Amino acid sequence: MTENRLARQIATTIRHERDRRELTQQALADLIGLSQGTVAHVERGDRLPSLPMVERLLAALGRQLRIEVEPLDSHLDAALDALAEGSGVERIRVLGLDRMLDALGELPYVLTGSTAALLQGAPLPVDAVEVAVRWRDSPRFTAFLQQAYAQRWNARWEEWGGLRVEPEERGEHRWQTRYGELRARMCDELPEPVEVRHGDRSYPVEPLIRVELTDPHTAELLRRHRQRLAPGPPGTGSAG
């Protein structure tokens, strides 16, 4: 596990537990005598915090730290191994991508994340359609979500529903719709797309180099995929 990945996992855990307790960053900071800026720094995952600081933060949230070990990158290998069967075309069909995009209609979007990687030939796990949508198109996006009977992911209760669907409302930009799961990255301007064609349809997708800069999880999977494709050291091949 790299330092950056561990820092992101700690950041996600602290943020999730703080939200579960319905505390602001300032309130959590006051509980343990830190500044709000320090808590924000930890939750951004910019740098790995010290173990004593993590323990103090978790203790204030009624939690404690538990350490487990696993083979290096095993979580990535498991995700990639799950794709051993099935073509990219079949996975696009199972994802229901075309049905979702048809329902989005004229809403401007660019496909991002693992969806963009899949369309560009990377065999990565994809369990939701991922798009970038401009903030100024939020009213049109909300209208689509309402038409699609969308339910917002409630991270506090770890279930769908109980939150307003509007992107402006607090919460993850993740919805379950009648067309499948949809995740959005709200932005001021759409990323410059490239056109990728599959069959008789073209898709506007974020280039892989940009995906790796904006989506840490997909970047990890792409890195591991390339490592698995790379030839091993001399003497590691199978005997003939």
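For region 134-228, what does the alpha-carbon gyration tensor say about shape, rounded, prolate or oblate, given a ≥ b ≥ c as the root eigenvalues, a/c under 1.5 as rounded, and a/b over b/c as prolate? Prolate, since a/c reaches 1.5 and a/b exceeds b/c.
Assuming a ≥ b ≥ c are the square roots of the Cα gyration tensor eigenvalues, decide whether region 3-60 counts as rounded (a/c under 1.5), prolate (otherwise, with a/b larger than b/c) or oblate. Verdict is prolate for region 3-60.
Charge tally for ARG178 (other residues, Cβ to Cβ under 15 Å; Lys, Arg +1; Asp, Glu -1): -1.
Distant-in-sequence amide contacts of ASN154, defined by a placed amide H-H separation under 5 Å and a gap of 5 or more residues or a different chain, comprise GLU159, TRP160, GLY161. Would you please classify the overall shape of region 132-180 from the alpha carbon gyration tensor, given that a ≥ b ≥ c denote the square roots of the eigenvalues, rounded means a/c under 1.5, and beyond that prolate means a/b larger than b/c while oblate covers the rest? It comes out oblate by the Cα gyration axes.
Coordinate-derived values only; no laboratory data. Predicted model only: the values in this text are computed from it and were never measured. Glycine also receives a Cβ, built like all others from the backbone with ideal geometry; neighbour counts cover every protein chain displayed.
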